[in-house]
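Below you'll find the structure, written out as structure tokens, and then a few comments.
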Amino acid sequence: MPWSRTQIADRLAREFQDGWIVNLGVGMPTLITDVPLGDRAVFFHAENGVIGFGPVAPEGQEDIHLVDASRRYVTLPPGASIVDHADSFALIRSGRIDVTVLGSYEAAANGDFANWKTKGSKGGVIGGAMDLAACAKNVFLMMEHRTRDGSPRLLATCSLPVTARGVVKLVATDLGLFAPGGDAFIVRDLAPGVSIDEVRAATAAPVKE
């Protein structure tokens, strides 16, 4: 069975190392805050200036002024802090983010990705993804393997306007975990029951084990 979004978050979170500062982008990546990390100390960063935030606040205990990138009401565990927008981006641009986890429309085998403009749309907002892709030590993507109409999102070359070139280290989808290898996607892990043939049929680029 393919992974659920929660399972995708859990699998990607296993790649985080103790002490990392992890930026979580809008959408699927914010699910990672609800994943148990064991004894690893991971500090979640949001562009709006919340550093070290925790899981979503229980119902009835929300602080309307405390949100993550997806505007979910989050918690502040001991050691967390709030800084202004300029300081938050100073952390990003100075290379202090160990990994940024971003959602994406497409990923290419050479490490390119596209996450700010869809086909046929008149406009798009690249936002902080530009700074994160340029300055984070690692770029991980969380995304569905196919579009709603069944078209592949993992491609040989991005068809949408590219956010950044050659920066993606890992792509986690409902079918597995993959590393862009230049001319192909390299399988790091597969969802239970998903075969390599299923992945290849759903991918518009070579897939290697």
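The values are calculated or read from the model by the stated rules, or taken from the named source; none is laboratory data. It should be emphasised that the depicted structure is a prediction, and the values quoted were computed from it without experimental measurement. Cβ placement follows ideal geometry from the backbone for every residue including glycine, while neighbour counts extend to all protein chains displayed. We work out accessible area using only protein heavy atoms, side chains counted, and drop any ligands, DNA or RNA first. Shrake-Rupley method; radii C 1.70, N 1.55, O 1.52, S 1.80 Å.
Screening Asp39 on (1) under 17 Å from Cys135 (Cα atoms); (2) over 19 Å from the mean Cα position of the chain (by Cα) shows it passes everything except condition (1).
Of all residues in the stretch 116-150 being of a type in the set (A, V, I, L, M) and in a helix (DSSP H, G or I), which is most open to solvent (accessible area, probe 1.4 Å)? Restricting to residues being of a type in the set (A, V, I, L, M) and in a helix (DSSP H, G or I), the top hit is Met130. Candidates Val22, Val67, Val50, Val56: the one that is in contact (Cβ under 8 Å) with a residue 40 or more places away in the chain and either out of contact with any Cys (no Cβ under 6 Å at 6 or more places or on another chain) or of a type in the set (Gly, Ala, Ser) (or both) is Val22.
The set of residues in the stretch 38-62 that are out of contact with any Pro (no Cβ under 6 Å at 6 or more places or on another chain) and open to solvent by less than 50 Å² (accessible area, probe 1.4 Å) comprises Ala41, Val42, Phe44, His45, Ala46, Glu47, Gly49, Val50, Ile51, Gly52, Phe53, Ala57.
Scanning the stretch 20-36 for residues that are among the aliphatic types (A, V, I, L, M) and under 12 Å from the mean Cα position of the chain (by Cα) yields Val22, Leu24, Val26, Met28, Leu31, Ile32.
For the stretch 63-115, the set of residues classified as open to solvent by 80 Å² or more (accessible area, probe 1.4 Å) and assigned to a strand (DSSP E or B) consists of Tyr73, Ile82, listed by residue number.
I'd like to verify a number: residues in the stretch 151-180 that are within 21 Å of Gly127 (Cβ to Cβ), in a strand (DSSP E or B) and not hydrophobic (A, V, I, L, M, F, W, C), how many? Total satisfying the criteria: 1.
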